[in-house]
Amino acid sequence: YTIGAMNMNSEDEVTALGLLIGPRLLKGGTEVKTSTLRGIVGVYFSAHWCGPCRSFTPQFRKVYERAKSKRRAFEVVFMSSDHDEQSFKEYFATMPWHAIPYEQRARYQHLNALFQIRGIPALVLLDAHTGGVLDTNARSRVMAPNFVSTLPRSIDLDAACLPEVGSGIPILVRYRGKEFELECEPSEGWEMLRMQIYSMTEVPSEQMKLFGLGLDTGLLDDSIPLPRALARGLFAQKGSGLRSAGVPGNARKASSLHSDESLGYTSGAIDSTRAWCSKKDDETPWYQMDLGEVNEIAGVIVASRADAPQWITRFKVSLADSEDGPWKLADDGREFVGPTFLCPCRAVFHSSNQARFVRVEPLSFHNHCSLRADVLLASDADRDKLPTIVVLGNFSAGDVFEFASPETKSDAMMEQQHLAMLQAKLSRLPPKLQNQASSLQNVLRYESRQLQHQALNEIPVCSIDTCTSSESYELSFMKQLVRWYKHGFFSWTNAPRCDHCHSTNTKIIGGAKPTPEEEYFLAHQVEVAQCSSCGQQTRFPRYNDPAKLLETRTGRCGEWANCFTLICRSLGYEARHVHDWTDHVWTEIFSDSAQRWIHVDSCEAAVDSPLMYETGWGKKLTYCIGFARDHVVDVTRRYTKKFEKELLPRRTACKEEELKHALSALDEFALERSLVQYTAQQIAMRRKHMEHRASEEKAQFEVGSVKALKPEEEVGRTSGDAAWREQRGELGATEAAKQKALECSEKGLDSVAKTEPSGDAGYTSEDAQAMIRARVAKLMADGLTANDALLKVLADAKKK
């Protein structure tokens, strides 16, 4: 404490953490009080002269920034081991966090000795509230994919400062689209609340997953006292009773319009499907709403574009009595956080303001500056909505064992013996069939409770629940889930963004051997991209670890389907990971309401469109194998209308009897492993249930071949670069399918308005040029000269 009290003055708040690392820290070019740090604090010992430090710092920065984006209470304090102050300043300038002033070398020596630092880089984790040491060797811990999800939420720390709630708090409970109201006694705690919810929903406690009370994403945490969680839920509903003005289209204006609409009539109404989109070169965009007369204004409500992943992320609001001004910033220029893809934001002012004209002034955006908005009026407000809890049970009610027992630790030796027996059964079969055992092992990772919990913390369940329709709840929820996943969570990578200058002008030039860290996260393949802007190279590891994919949130179809299938399992859907041997992957989920397996392609945001590959893309399918935790099945017949005449003759990788033998061995292995923790009676019940499903599915395969096509099944592939799709022969089976695919490039099978921009991923002149190059290359491969190939492509284009 003698060392800790150095440099402290009378204005500094005395805290345990401040006594340890000092009362004041540097943040950028300013000095801040240590008492402002909350949650978990990492003291980072590093130096610019240290090569391992320079390698670790950028990776650690990604963890820090991800924690901030997830609104987790995590701070980092740099403790410099540099040899001089100039080196410290240069190195600290590359960091987004705090630092202990360089001149405090006595503190540096004290902390080095206290934490027994033997080498750098080193990281020590502290509790910001108590100053207690949590981990003196946390360098590897912070790089684990689930680290961010273990950090405290900032909103929970904020809730500790809210007024205490009284007794008898009314709560709204939503379950499968139905609403129930109950009265909660905060002092009785979570267990009594769960019992009340069970009495209304009949969801067993082992299946019950609770969301909401002010949290945008993630499960409700029983470790947070219920009174604090209720206070957070009440605060989140502040202003929810405010009514929107319903500003008409002819009273809306903007700084620019992407389309050729008249400036006197602008899209962007909050309840419209058409958003306002600015021009790309508009550097100071604004969106104006005219109330017709002066009103008491409480705030604004802002939403994303409805049909594409475009929204503003930060904005300010200006008010005026006259369109000519003067304009006054609301709340003294306060910056508001924008909406997400499915969830609008209500920006409520600290105090209401009188004005006629309201301008939303975007400061940053996702993909493109687009929004839908309205004004919130202070007058005639309804009472605020009740704090809400959304309840999810098991989506597959027939799977009674989903969460019926605690996760048991498997016997590693027994597992190896069973796997060896499986491999022995497959040993005389073609290598392709032998390799299917690894695909089964991959899906078993989804059954980790810790991994499922990590996935649930990423899903905006309350927003998805709000968007569900009156159709079958589990199918409606799935349609909204896959829309969020495509537009608001995962991203497609044609070539990775440059790690050095952050340019998108990169091109894959080859591969590289995975590093030990990349191999740890199951990256068996690494692509290398060259940046045309700075000339540097960037690695693109093709991760197969679903936990890592929850962190990176990018890739191609393999990564997309892998992570999405985990998300389905975490929500309680029975799910299959389907492998198409002609190089594609997707998901199937079992629908209780339809009593059948439903096709879901997260890359395309497609639900129940199984014929899209054969009819729309033009794929020449051969084998489609579905892997689940307790069975393996050939589902090819679901995806074709031409199995006997065209597809069967293409299945030459193995004999049909060999395939049947392999799948039977894999299926039995999967089922035996999944039932190891249950009683003989439960095992018999499950086996009977699975046999009945298999019989029903076989009958459905026969009916499926005569079903009528859906419009979305006649569209080519929409995900990925246009030239890449054309090269793979998946852009479309017909010219009409190709045209539809290009119109909704990267937007999946959602409805597309051609006049609005689709961001950098849309169909542009670059796409057209890439298609021409790809077509010319294909004709040259068929034997034409470059000149003849180009003339043929131009002649075909002229005919069209």
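The values are calculated or read from the model by the stated rules, or taken from the named source; none is laboratory data. Since this is a predicted model, take the numbers as computed values, not measurements. Virtual Cβ from ideal backbone geometry, glycine too; neighbours counted across all protein chains shown. Just so you know, the surface numbers come from the protein's heavy atoms only, side chains and all, with ligands and any DNA or RNA stripped out. Shrake-Rupley method; radii C 1.70, N 1.55, O 1.52, S 1.80 Å.
Tabulated data for the structure shown
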{"read-out": "Percent carbon-and-sulfur accessible area, the chain, ignoring ligands, DNA and RNA, probe 1.4 Å", "value": "51"}
{"read-out": "Given LYS279/LYS738; LYS68/LYS316; LYS27/LYS62; LYS619/LYS710; LYS62/LYS548, the pairs whose alpha carbons are separated by over 23 Å", "value": "LYS279/LYS738"}
{"read-out": "Hz values of 3J(HN,Hα) by residue in the range 625-632 - Karplus curve (6.51, -1.76, 1.60), Gly and Pro given as x", "value": "10, x, 10, 10, 5, 10, 6, 9"}
{"read-out": "The range 77-191: proportion of alpha-carbon pairs further apart than 22 angstrom, %", "value": "58"}
{"read-out": "Per residue solvent-accessible surface (Å²) - the range 212-259, probe of 1.4 Å", "value": "40"}
{"read-out": "Under the Karplus curve 6.51 cos²θ - 1.76 cosθ + 1.60, θ = phi - 60°, whole-Hz ³J(HN,Hα) for the range 490-502, x wherever Gly or Pro sits", "value": "8, 10, 8, 10, 6, 9, x, 5, 4, 5, 9, 10, 6"}
{"read-out": "The chain - Rg (one decimal) and Dmax (whole number), Cα, Å", "value": "28.8, 87"}
{"read-out": "Equivalent ellipsoid semi-axes, the range 508-634, via Cα gyration tensor eigenvalues times 5, rooted, Å", "value": "30, 18, 13"}
{"read-out": "Net +/- balance of residues flanking MET289 in space, Cβ distance below 10 Å, scoring K and R +1, D and E -1", "value": "+2"}
{"read-out": "Inter-label distance for ASP221 and SER35, nm, one decimal - labels placed 7 Å from Cα along Cα-to-Cβ", "value": "2.5"}
{"read-out": "Selected from LEU226, LEU172, VAL133, residue furthest toward positive end of dipole (the range 117-230; charges at beta carbon)", "value": "VAL133"}
{"read-out": "Listed peptides 565-571, 384-390 by packing density, highest first (mean Cβ within 10 Å)", "value": "565-571, 384-390"}
{"read-out": "Dipole of the range 555-633, positive direction: furthest Cα of CYS568, VAL632, SER593, with charges on the beta-carbon", "value": "VAL632"}
{"read-out": "Rel. contact order, % - alpha carbon contacts under 8 angstrom, at least six apart, the range 308-385", "value": "44"}
{"read-out": "Two-site FRET efficiency, VAL703 against ALA736, from Cβ-Cβ distance with R₀ of 22 Å, rounded to 0.05", "value": "0.20"}
{"read-out": "Relative packing of peptides 737-745, 293-301 - highest average C-beta neighbours within 10 Å first", "value": "737-745, 293-301"}
{"read-out": "Peptides ranked, highest mean first, by Cβ atoms within 10 Å: ranges 445-455, 423-433", "value": "445-455, 423-433"}
{"read-out": "Signed unit charges on C-beta, dipole axis of the chain, positive-most listed residue TYR102, CYS343, CYS557", "value": "CYS557"}
{"read-out": "Integer Hz, Karplus 6.51/-1.76/1.60 couplings in order for the range 218-227, x for Gly and Pro", "value": "x, 5, 5, 9, 5, 6, 7, x, 4, x"}
{"read-out": "The range 1-136 - charge dipole about Cα centre, Lys and Arg +1 at Cβ, Asp and Glu -1, debye rounded to 20", "value": "620"}
{"read-out": "Dipole magnitude of the range 404-527, debye to nearest 20 (Cβ charges: Lys/Arg +1, Asp/Glu -1, about Cα centre)", "value": "460"}
{"read-out": "Test item: Cα-centred dipole of the range 278-404, Lys/Arg +1 and Asp/Glu -1 on Cβ, debye", "value": "240"}
